[in-house]
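To start, the structure itself, in structure tokens.
The values are calculated or read from the model by the stated rules, or taken from the named source; none is laboratory data. Everything numeric here is computed off the predicted structure, so don't read it as measured data. Please note: Cβ atoms are built from the backbone with ideal geometry, for glycine as well, and neighbour counts cover all protein chains shown. Areas reflect the complete protein model, heavy atoms only, side chains present, ligands, DNA and RNA absent. Shrake-Rupley method; radii C 1.70, N 1.55, O 1.52, S 1.80 Å.
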Amino acid sequence: MIIYLNNDWQFSRISEDAEPFSAIPDGNAETVRLPHSVAVTPFNCFDESAYRGIFLYDKTVVIPEAWKDKRVRITFDGVAHEASLYLNRELQLTHRCGYTAFTIDLTDKLHFGAPNRISVMVDSNETLNQPPFGFVIDYMTYGGIYRDVYLEVTDRCSFDDVFVYSDIDFDGKKATLAAELTYSAAVADASESMEVATYIDDKLLGKQAVSVEGGRQRVSYDINLEDITLWDIDTPKLYAVEVRLQKQSGEIIDAEEISFGFREAKFKADGFYLNGNKVKIRGLNRHQSYPYVGYAMPESMQIMDADVLKCELGLNAVRTSHYPQSHDFIKRCDEIGLLVFTEIPGWQHIGGDEWKAIAVENTKEMVTQYRNHPSIILWGVRINESPDDDAFYEATNKAAHELDKTRATGGVRCIKKSHLLEDVYTYNDFLHDGTNAGCDKKKKVTSDMRKAYLISEYNGHMFPTKNYDAEEHRREHAIRHATVLNAVSGERDIAGSFGWCMADYNTHKDFGSGDRICYHGVLDMFRNLKPAAYIYSALQDDTPVLELSSTMDIGEHPACNRGVTWIYTNADSVRMYKNDRFIKEYRAEDSPFKNLSHGPIMVDDFIGDAIEKGEEGSAAYKRDLKRALNIVAVNGLNHPSGELIRLGIKLILLHRMGIANATPLYNKYVGDWGAEATEYRFEAIKDGKVVKTLVKKPVKKIFIEAESDFTELVERKSYDVASVRIKATDEFGNVSFFYNEPLKLTAEGAIEIIGPSIISLKGGMGGTYVKTRGEGHGSLTIEAMDAESVELKFNVTCDNTESL
């Protein structure tokens, strides 16, 4: 029985030099619900002093008398960063990792049939002698009990741990399902033998006798491959594997159910293989932070992030940089087929012996707590971007391999030819600067060509990009991502890559753009898509994608030259129209990014057949004139190319075109100055049908669009949250990137706003979060000075499993 303890905690800040429980003024405590952050921060322009300190969480629960003969354990899924747990004012343990869970058996310490006071002293200072602290860190670390807390009530004889895994024998056409069990025995009547029964989707696989004295046990069963569906990125089939500890009479003593996927994940010298099929890993790095509340977001927001990565961005993998993340997030990755590379906490710095011992313990906790997730394919056992330390990393590798022999280890480094103690050389490749190759060759990075090679980061700090940057900058950001992806896709011996990064994030003074934000994401902090995001989403086929790198407003650009305009699409082709006149049909194979199934396509024709039909002269003259005008349309006259000079000479000397005619011809076919407003229309064609239309035309009116990921909210383990992404658009749905005006947010009924009620859009985009306050109906109204207001409706129901 699981009972969540997420509601009605008393929270207070206490003096750093005070004794526990002695320095809390009367009435100073605040009643809070978990997940909880010790501070609600501004969107930007704040530092770590906002959340660092010593804090006390208190909760009193009455433990039923009926539990006296039971085993009662308490688990904290995540407390940042040092947590001292007290029961009835007596210290039980101190846990020194803000990113892994801790569990303690309280059975012999509880007062049954009476109140029990559970207290947690939380130290969120960044001076702690534990990972990731010790030097600068490129992310805010926040503080608080930011994940679930729950009691687990079982028989005294019960499982401590169950690890389920499989071995796939494709030649023998069988899968071996194995379970490694650790259990405690305290059976009242030890005369009756015990056994473990294993079920898959309620079907009995078999039984095996076990010792009544407790300990470790391994059970295994062979299954025909034809009788199961393998877990895969496209078909993430999950089975309910239930392991029962029972008496031979059939009386169940304890049971553990694992959501399990049969799959084989292997890294080889030439790449990554899933179920025997080579898969090119295409992912992004994710920080678990959000505006205003840092790490403290419930299950619904964890699910949303996984869905954005897989469904909106079309990725097949994610790296949980730089620490283990919520089980709710990883569980969703299991469900949707998103591969996961997870790693121990840390950022560049390696501390002393005590610090290293904690890191080894972090490794053990990470592996034991997350190894039942089929989506996880790689354990990161090095501190991100740290120098070689063989003795230290031999210990972390050993810990991971001893606890899980089914998965490879990797270790993210930013140095070439590093000592390779892991199974996979994982390397942050920041070679590409916009002018050179997309990535290094494997042989330039690692000396061991027999082992797998994986790029764990690229881009990121090489080209920070905001939604309100100039169009040229946003375009360059997108093309840099496309260039790296294209290069990696063309390398047969690179397993894949993880771009830096999914979303912008708050950071320390040594990083970011001066406002404490790293604008390294392909999404902003509210998970709105920047143009670079469409490079990724165009590589999936489930949802039609059609975007343009330009608003087609020439006045936005130096000397009114748009430069190259790119189409981002996953369509078979795109038809372009200018003022309803067909110009050209662009096809997927026209992309210069030949290693991508749907790379960006350059718009190279703004004229179509207009010159052919509207001008006198020879076919050669019309052809040369069209080509010259299209070159000028892209590059202008300030930087004439050799081809444009040659065409100009031909037009003047061979075709006898007067120089005075050049400007009128440009204005007539390209510039459109003084003419009726130019409308560009693009139609995405899939299987012969128009699946999406994009219109670019001078803006006349602004509209506010707001989309919530959920409108049906449910309080289960705790409060629920909905993300509301907000955009300012023109009448055709295009984002107005330079609309940065204020919006007023008003929540009524069963919801409240997280963060400020007055916000400003940034680059035409922004967002907010609404949090439930109990059962009922709620509404969020978004008001702008110069656009119609928007109202979203929410329904909140309660299915709260907490009963204490």
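A few points about this structure:
- As a calculated quantity, the FRET efficiency between Asn795 and Asp542 at R0 = 35 Å, using C-beta atoms, amounts to about 0.80.
- Of all aspartates and glutamates in the structure, those lying under 17 Å Cα to Cα from Lys578, and not within fewer than 8 positions of it along the same chain, are Glu547, Asp553, Asp604, Asp605, Asp609, Glu612, Asp672, Glu676, Glu679, Glu683.
- Dipole magnitude of region 514-638 about its Cα centre (Cβ charges: Lys, Arg +1; Asp, Glu -1), debye to nearest 20: 180 debye
- Taking the convex hull of the alpha carbon positions in region 268-420 and averaging its projected area over all directions gives 9.8 nm².
- Listed residue (Ser300, Ser779, Ala728) projecting farthest to the positive dipole end of the chain, Cβ model: Ala728
- Residues in region 684-692 carry Karplus couplings, in order, of 7, 10, 10, 6, x, 10, 6, 10, 7 Hz; the curve used is 6.51 cos²θ - 1.76 cosθ + 1.60 with θ = phi - 60°, and Gly or Pro positions show x.
- Candidate residues Thr543, Thr569: accessible-area rank, largest first, probe 1.4 Å: Thr543, Thr569
- Listed pairs Lys310/Lys442; Lys442/Lys466; Lys668/Lys697; Lys701/Lys771; Lys466/Lys509 exceeding 21 Å between Cα atoms: Lys310/Lys442; Lys442/Lys466; Lys701/Lys771
- The accessible area of Phe170, taken with all protein chains in place and a 1.4 Å probe, comes to roughly 80 Å².
- Considering only Ala66, His81, Leu91, the residue lying farthest towards the positive end of the dipole of region 65-136 is Ala66, judged by Cα position with unit charges set on Cβ.
- Taking the DSSP beta bridges with both ends in the chain, the antiparallel portion is around 85 percent.
- Between His419 and Asn129, residue separation times 0.36 nm minus the direct Cα-Cα distance comes to 101.8 nm.
- Computed 3J(HN,Hα) for region 245-252, one whole-Hz value per residue from the Karplus formula 6.51 cos²θ - 1.76 cosθ + 1.60 where θ = phi - 60°, is 9, 9, 6, 5, 6, x, 5, 7, glycine and proline marked x.
- Inter-probe distance in nm under a simple model that places probes 7 Å from Cα toward Cβ, at Asp580 and Ile104: 7.6 nm
- Cα centroid separation, region 378-415 to region 71-149 (Å): 25 Å
- Gyration tensor verdict on region 331-473 (Cα atoms; rounded if a/c is under 1.5, prolate if a/b is larger than b/c, oblate otherwise): prolate
- The chain, dipole about Cα centre (Lys/Arg Cβ +1, Asp/Glu Cβ -1), debye to the nearest 20: 2860 debye
- Helix axis angle, 353-370 relative to the chain longest principal axis, alpha carbon, degrees: 90 degrees
- If the chain linking Cys560 and Glu589 were pulled fully straight, counting 0.36 nm for each residue of separation and taking away their Cα-Cα distance, it would gain 7.5 nm.
- Under the criterion of Cα pairs below 8 Å and six or more residues apart, the relative contact order for the chain equals 9 percent.
- Of Leu651, Ala391, Thr154, farthest towards positive along the dipole that unit charges on Lys, Arg, Asp, Glu beta carbons give the chain: Leu651
- Accessible-area composition of the chain, carbon plus sulfur, in percent [1.4 Å probe]: 48 percent
- The chain, accessible area per residue, ligands and nucleic acids excluded (1.4 Å, Å²): 40 Å²
- Shape call, region 675-721: gyration tensor on alpha carbons, a/c limit 1.5: oblate
- Stretching Ala269 away from Ile652 to a fully extended chain increases their span by 132.0 nm, per 0.36 nm per residue minus the current alpha-carbon distance.
- Rounded, prolate or oblate (a/c below 1.5 giving rounded, otherwise prolate when a/b exceeds b/c) for region 523-581 by Cα gyration tensor: oblate
- Distance between the C-alpha centres of region 283-338 and region 578-649: 43 Å, rounded to the whole angstrom.
- Inter-label distance, Glu152 to Ser760: 4.9 nm, where each label sits 7 Å from its Cα along the C-beta direction.
- Approximating the spin labels as points 7 Å out from Cα along Cα→Cβ, the Asn667-to-Asp604 distance works out to 3.0 nm.
- Cα pair distances in region 537-671, grouped into 5 Å bins until the bin that holds the longest one, percent each: 2, 10, 17, 20, 18, 15, 10, 5, 2, 1, 0
- What you get for region 335-431, charging only the Cβ of Lys and Arg (+1) and of Asp and Glu (-1), is a dipole of about 220 debye around the Cα centre.
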